[in-house]
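K.L.:
This is the structure I have questions about; it appears just below.
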Ligand SMILES: Cc1cc2nc3c(=O)[nH]c(=O)nc-3n(C[C@H](O)[C@H](O)[C@H](O)COP(=O)(O)O)c2cc1C
Ligand code: SF4
Ligand code: SF4
């Protein structure tokens, strides 16, 4: 069985038979006419489905959903719509590197710009940092808000406990959607407490403030003996930083620290190498999470490289 066939088998077993019939290169839902100025375009990045789920919920009927790990390869990245939105996970209180890189290389034209950061615990300075960042790249955000969901930072958060915690996600999504539909002008306020929390975190972690989560996959991940070489980690990685060698997966390449590979591995065969000096969670260390409304096939279509 070759890798693609193995991948299909695993996905079908996981209840995601759609993968077998869908072209892997299919990126966007409702992507009808790329050239026309449609009402709302939403650019999203999602490793474990939260941000994809939120994107779908706020998309409405005639929005176009575009995956950032696919669009980042667009050779003519000029995007126009009545409303343009960005939905992405919060990484160390800022936008993921791949989101920043995509925005930096693209041109956007719209009457209304919005962003929704999904997060697990705190966004702190993200709204002001993202607002400044987009201004530096030629456009001004009208609306920035956030939706609290399961925290997918696997080294620290017990995924079983996160899933059992009610974070009032649906209420937050409904509120954000209503505000965007009304084209509200609103940037989530950043308090002095948020600023102190942010500075304290960066002092302690020593991470780079601009792209804090960017790393090398081989530095933080490895596959265990129960890896069956199915290739799902290869397919969900937005940087294409896994390969299969002699029936086993090997991590090697640029890494977003997104944990799409570890969260979506059907064998739970991907382990995390602790970052020195960082506390790590001990309970339920093998618990894994993918948003219940999102399939492996959805994550593959969104993130797969080297198709
Ligand atoms: C590398 C990394 C860093 C994160 N940093 C933060 C953070 O600073 N604040 C926070 O509240 N959540 C943080 N999270 C949690 C995610 O933002 C949150 O779970 C998000 O909804 C995941 O979205 P996704 O399922 O679309 O990938 C982090 C997750 C990862 C993987
Ligand atoms: S690590 Fe997991 S997802 Fe990757 S090939 Fe092995 S079993 Fe499949
Ligand atoms: S190696 Fe894993 S954590 Fe790193 S970018 Fe790829 S999927 Fe994300």
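K.L.:
Determine which member of the set 246, 181, 226 is away from ligand 2 (no atom under 16 Å from the Cβ) and more than 21 Å from residue 258 (Cα to Cα).
P.N.:
Numbers: 246 fails: away from ligand 2 (no atom under 16 Å from the Cβ); 226 fails: away from ligand 2 (no atom under 16 Å from the Cβ).
One residue alone meets the criteria, 181.
K.L.:
Being out of contact with any strand residue (DSSP E or B) (no Cβ under 7 Å at 6 or more places or on another chain) and either in a loop (DSSP other than H, G, I, E, B) or at positive phi (or both) is the filter here; which residues of segment 215-251 pass it?
P.N.:
Initial filter on segment 215-251 (out of contact with any strand residue (DSSP E or B) (no Cβ under 7 Å at 6 or more places or on another chain)): 219, 225-226, 228, 230, 232, 235-238, 240, 244-247.
Within segment 215-251, 225, 226, 228, 230, 237, 238, 240, 246, 247 qualify.
Each row is one residue, and each column tells you yes or no for (1) outside the structural domain of residue 145 (by TED's automatic domain parsing); (2) touching a helix residue (DSSP H, G or I) at 6+ places or on another chain (Cβ under 9 Å); (3) modelled with pLDDT under 95.
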| residue | (1), (2), (3) |
| --- | --- |
| 196 | no, no, no |
| 200 | no, no, no |
| 232 | yes, yes, no |
| 235 | yes, yes, no |
| 240 | yes, yes, no |
| 245 | yes, no, no |
| 273 | yes, yes, yes |
| 278 | yes, yes, yes |
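K.L.:
Same structure again: As an exercise: evaluate residue 130 against (1) more than 16 Å from ligand 3 (Cβ to nearest atom); (2) not in a helix (DSSP H, G or I) and give the number of the one condition it does not meet.
P.N.:
Failing condition for residue 130: (2).
K.L.:
So residue 78 passes all but one of these: (1) farther than 25 Å from residue 300 by Cα; (2) surrounded by fewer than 19 Cβ atoms within 10 Å (Cβ to Cβ). Which condition number does it fail?
P.N.:
Single failed check for residue 78: (1).
K.L.:
Considering only residues that are more than 13 Å from residue 275 (Cβ to Cβ) and within 16 Å of ligand 1 (Cβ to nearest atom), which ones fall in segment 215-229? It would help to see each step written out before you state the result.
P.N.:
We begin by selecting, within segment 215-229, every residue more than 13 Å from residue 275 (Cβ to Cβ); these are 217-218, 222-229.
217 - this is the single residue of segment 215-229 that is more than 13 Å from residue 275 (Cβ to Cβ) and within 16 Å of ligand 1 (Cβ to nearest atom).
K.L.:
Step by step: first the residues of segment 252-266, then only those that are crowded, with 17+ Cβ neighbours inside 10 Å and not in a helix (DSSP H, G or I), then the one that is farthest from ligand 3 (Cβ to nearest atom). Which residue is that? I'd like the intermediate steps shown before the answer.
P.N.:
Looking only at segment 252-266, we keep the residues that are crowded, with 17+ Cβ neighbours inside 10 Å, and these are 255-265.
Among the residues that remain, those that are also not in a helix (DSSP H, G or I) are: 255-259, 265.
Details: 255: 3, 256: 4, 257: 6, 258: 4, 259: 5, 265: 10 Å.
Step by step, filter segment 252-266, then rank; the result is 265.
K.L.:
Next up: Any chance segment 133-141 includes a residue that's in contact with a strand residue (DSSP E or B) (Cβ under 6 Å, 6 or more places away or on another chain) and either within 16 Å of residue 87 (Cβ to Cβ) or crowded, with 17+ Cβ neighbours inside 10 Å (or both)? Can you show your working first?
P.N.:
Quick first cut of segment 133-141, residues in contact with a strand residue (DSSP E or B) (Cβ under 6 Å, 6 or more places away or on another chain) only: 139, 141.
If we keep only those that are either within 16 Å of residue 87 (Cβ to Cβ) or crowded, with 17+ Cβ neighbours inside 10 Å (or both) too, we end up with 141.
Taking every residue of segment 133-141 in turn, at least one turns out to be in contact with a strand residue (DSSP E or B) (Cβ under 6 Å, 6 or more places away or on another chain) and either within 16 Å of residue 87 (Cβ to Cβ) or crowded, with 17+ Cβ neighbours inside 10 Å (or both).
K.L.:
Could you tell me which of the residues 284, 264, 293, 306 is at pLDDT below 95 and under 21 Å from the mean Cα position of the chain (by Cα)?
P.N.:
Details: 284 fails: under 21 Å from the mean Cα position of the chain (by Cα); 264 fails: at pLDDT below 95; 293 fails: at pLDDT below 95.
When all the criteria are applied, what remains is 306.
K.L.:
For residues in segment 267-291 being buried (at least 18 other Cβ atoms within 10 Å of the Cβ) and away from ligand 3 (no atom under 12 Å from the Cβ), which is farthest from residue 89 (Cα to Cα)?
P.N.:
Per the criteria, the residue is 269.
K.L.:
Also: Considering only residues that are within 16 Å of ligand 2 (Cβ to nearest atom) and surrounded by 19 or more Cβ atoms within 10 Å (Cβ to Cβ), which ones fall in segment 200-223?
P.N.:
Initial filter on segment 200-223 (within 16 Å of ligand 2 (Cβ to nearest atom)): 217-218, 220-223.
Once the filter is applied, which keeps residues that are within 16 Å of ligand 2 (Cβ to nearest atom) and surrounded by 19 or more Cβ atoms within 10 Å (Cβ to Cβ), segment 200-223 yields 217, 220, 221, 223.
K.L.:
What strands (runs of 3 or more DSSP E) lie completely within segment 35-95 and have 1 or more residues being within 11 Å of the chain's Cα centre (by Cα) and within 16 Å of ligand 3 (Cβ to nearest atom)? Please lay out each step first, then the result.
P.N.:
On the way: elements: 40-44, 63-67, 78-80, 83-89.
So the answer is 40-44, 63-67, 83-89.
K.L.:
Could you pull out the residue among 187, 144 that is crowded, with 21+ Cβ neighbours inside 10 Å, more than 24 Å from residue 238 (Cα to Cα), modelled with pLDDT of 95 or more and in the same structural domain as residue 49 (by TED's automatic domain parsing)?
P.N.:
When all the criteria are applied, what remains is 144.
K.L.:
Can we say residue 197 is in contact (Cβ under 8 Å) with a residue 24 or more places away in the chain, out of contact with any strand residue (DSSP E or B) (no Cβ under 8 Å at 6 or more places or on another chain) and not in a loop (DSSP other than H, G, I, E, B)? Can you show your working first?
P.N.:
Values: in contact (Cβ under 8 Å) with a residue 24 or more places away in the chain: yes; out of contact with any strand residue (DSSP E or B) (no Cβ under 8 Å at 6 or more places or on another chain): yes; not in a loop (DSSP other than H, G, I, E, B): yes.
Yes; evaluated as a whole, the condition is true for this residue.
K.L.:
Could you go through segment 103-122 and let me know if any residue there is under 19 Å from residue 65 (Cβ atoms) and assigned to a helix (DSSP H, G or I).
P.N.:
yes
K.L.:
State all residues of segment 165-192 that are farther than 27 Å from residue 205 by Cβ, touching a residue at least 24 places away in the same chain (Cβ under 8 Å) and part of a loop (DSSP other than H, G, I, E, B); if no residue qualifies, say none.
P.N.:
Those that are farther than 27 Å from residue 205 by Cβ, touching a residue at least 24 places away in the same chain (Cβ under 8 Å) and part of a loop (DSSP other than H, G, I, E, B): 183, 184, 185.
K.L.:
Tell me which residues, restricted to segment 154-164, are crowded, with 16+ Cβ neighbours inside 10 Å, outside any helix (DSSP H, G or I) and more than 16 Å from ligand 2 (Cβ to nearest atom). So that I can check it myself, show each step before the final result.
P.N.:
To start, the set of residues in segment 154-164 that are crowded, with 16+ Cβ neighbours inside 10 Å comprises 154-155, 157-159, 162.
Now narrow it down to the ones that are outside any helix (DSSP H, G or I): 154-155, 157-158.
Those that are crowded, with 16+ Cβ neighbours inside 10 Å, outside any helix (DSSP H, G or I) and more than 16 Å from ligand 2 (Cβ to nearest atom): 155, 157, 158.
The values are calculated or read from the model by the stated rules, or taken from the named source; none is laboratory data. Given the structure is predicted, the values throughout are model-derived calculations rather than measurements. Quick reminder, even Gly has a Cβ in these numbers, built from the backbone with ideal geometry, and neighbours come from all protein chains shown.
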